[in-house]
């Protein structure tokens, strides 16, 4: 009775001050119990009922609060998209919560959401850095001799070399015994040379900048620079054979 009176008194005082009453305990004992019941539920129907009745709204509110409080916004995603993605990820981790450890589900879920969002932001930033455009590469690097490959127009025509290389490359991948990284790189090279005019549009036709090629190959294959350099050796040999053949 005392608790009810106290709550009523607080409501009256709140109204007198002209402020709305806000329930801060949106994830209290009822929700903690719902999580435990969700974990021991044996059917999808049971879990779905518990989730919709007791957990969906509190989790929505928790995720919204975390995003706004810590300013965990992601590039190229609006708030609803970030919220939906985080909620979906959280639901894949609910079953890993261990009530026996006497920890609060609220704390566990909050940590999962914060770590996921911060990890995605870091991942997005790395992706942005990895996709740095050719125009962003400084002129000093662009003009370094060791970063540029030139094809001598007096010896062979660029288009002729690329067309011949493409033809041999497709046959090479089909016939040779290549490991997974070499196959990934081989198909990426086919795609790169099939579309080289679009990829290197605006560049001098007599040179291919190694930085641009490397960035393109990394994006296409998800291989590291070291893996690309190791896997490309056999394709370099093939190119040299074709070049000698065409010179002759």
Original post:
Which condition does residue 75 not pass, out of (1) part of a helix (DSSP H, G or I); (2) touching a residue at least 40 places away in the same chain (Cβ under 8 Å); (3) surrounded by fewer than 16 Cβ atoms within 10 Å (Cβ to Cβ), if it passes all the others?
Top reply: (1)
Subject >> the stretch 173-195 residues that are closer than 15 Å to residue 237 by Cα, paired with ones that are outside any helix (DSSP H, G or I) (beta carbon under 7 Å, 6 or more apart) >> reply: 185/223; 185/232; 186/178
Original post:
Which numbered condition trips up residue 154, out of (1) in a helix (DSSP H, G or I); (2) at pLDDT below 80?
Top reply: (1)
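Answer yes or no as to whether residue 26 is within 30 Å of residue 125 (Cα to Cα), at pLDDT below 95 and in contact with a helix residue (DSSP H, G or I) (Cβ under 8 Å, 6 or more places away or on another chain). Can you show your working first?
Details: within 30 Å of residue 125 (Cα to Cα): no; at pLDDT below 95: yes; in contact with a helix residue (DSSP H, G or I) (Cβ under 8 Å, 6 or more places away or on another chain): yes.
No.
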Original post:
Could you list, in sequence order, the residues of the stretch 89-117 that are touching a residue at least 40 places away in the same chain (Cβ under 8 Å) and not in a helix (DSSP H, G or I)?
Top reply: 97, 104
Original post:
Going by the conditions given, is residue 196 surrounded by 15 or more Cβ atoms within 10 Å (Cβ to Cβ) and modelled with pLDDT under 70?
Top reply: yes
Original post:
How many residues does the stretch 40-72 contain that are surrounded by fewer than 15 Cβ atoms within 10 Å (Cβ to Cβ) and either in contact (Cβ under 8 Å) with a residue 24 or more places away in the chain or farther than 18 Å from residue 123 by Cβ (or both)?
Top reply: 18
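The values are calculated or read from the model by the stated rules, or taken from the named source; none is laboratory data. Only a predicted model underlies this, so the values are computations on that prediction, with no experimental measurement involved. Counting neighbours? That spans all protein chains shown, and the Cβs are built from the backbone with ideal geometry, glycine included.
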